[in-house]
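Worksheet: one structure, shown below.
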Amino acid sequence: MTITEDTTPPTVTARDAINAACSLAEDAVTFPTANDACDGEITATRDVASFPITSNTSITWMYEDNAGNTATQTQEVIITDEAPVLPVLAPIASACKLERSNVTVPKATDTCDEGMITGTMRA
């Protein structure tokens, strides 16, 4: 009887980047699987400790079969943030001079910053 030792790591396939607007929640991440010649399908574990992910990063997926053979792969996470939507500002007319207290500071809307952004005045 010949006894063979499992020394082959799980086989992984490339992972596409994850693109998300503003942030990536933990429940939006699907755990990938790898194939192992002896153990079949193996579900990965990951190295990202905190969610939501709010900036570009990589997730390292780790696979380990029952014999302790390991394989890893990385998956890029790309977070996009669009510019705020600026309001249309009407000209300000004043007969003599304009006081700061008479100017209404405009607000812009922003998807990633949950609502309104208040402008600042430079003059």
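The values are calculated or read from the model by the stated rules, or taken from the named source; none is laboratory data. Please read all numbers here as calculations on a predicted model, not as lab measurements. Using ideal geometry, Cβ is built from the backbone for each residue, glycine included, and neighbour counts are taken over all protein chains shown. Ligands, DNA and RNA are excluded from the accessible area calculation, which covers all protein heavy atoms including side chains. Shrake-Rupley method; radii C 1.70, N 1.55, O 1.52, S 1.80 Å.
Quick notes on this structure:
- Test: ASP47 is under 14 Å from PHE31 (Cβ atoms), at pLDDT below 95 and charged (D, E, K, R): yes
- Residue that is nearest to ILE79 (Cα to Cα), among those in the range 103-123 that are open to solvent by 60 Å² or more (accessible area, probe 1.4 Å) and modelled with pLDDT under 75: GLU114
- Any hit, the range 83-106, residues being more than 30 Å from ASP36 (Cβ to Cβ) and in contact (Cβ under 8 Å) with a residue 40 or more places away in the chain: no
- Residue in the range 103-119 that is nearest to the chain's Cα centre (by Cα), counting only those that are outside any loop (DSSP other than H, G, I, E, B) and among the hydroxyl-bearing types (Ser, Thr, Tyr): THR109
- Qualifying residue in the range 89-102 (condition: part of a loop (DSSP other than H, G, I, E, B) and acidic (Asp, Glu)): yes
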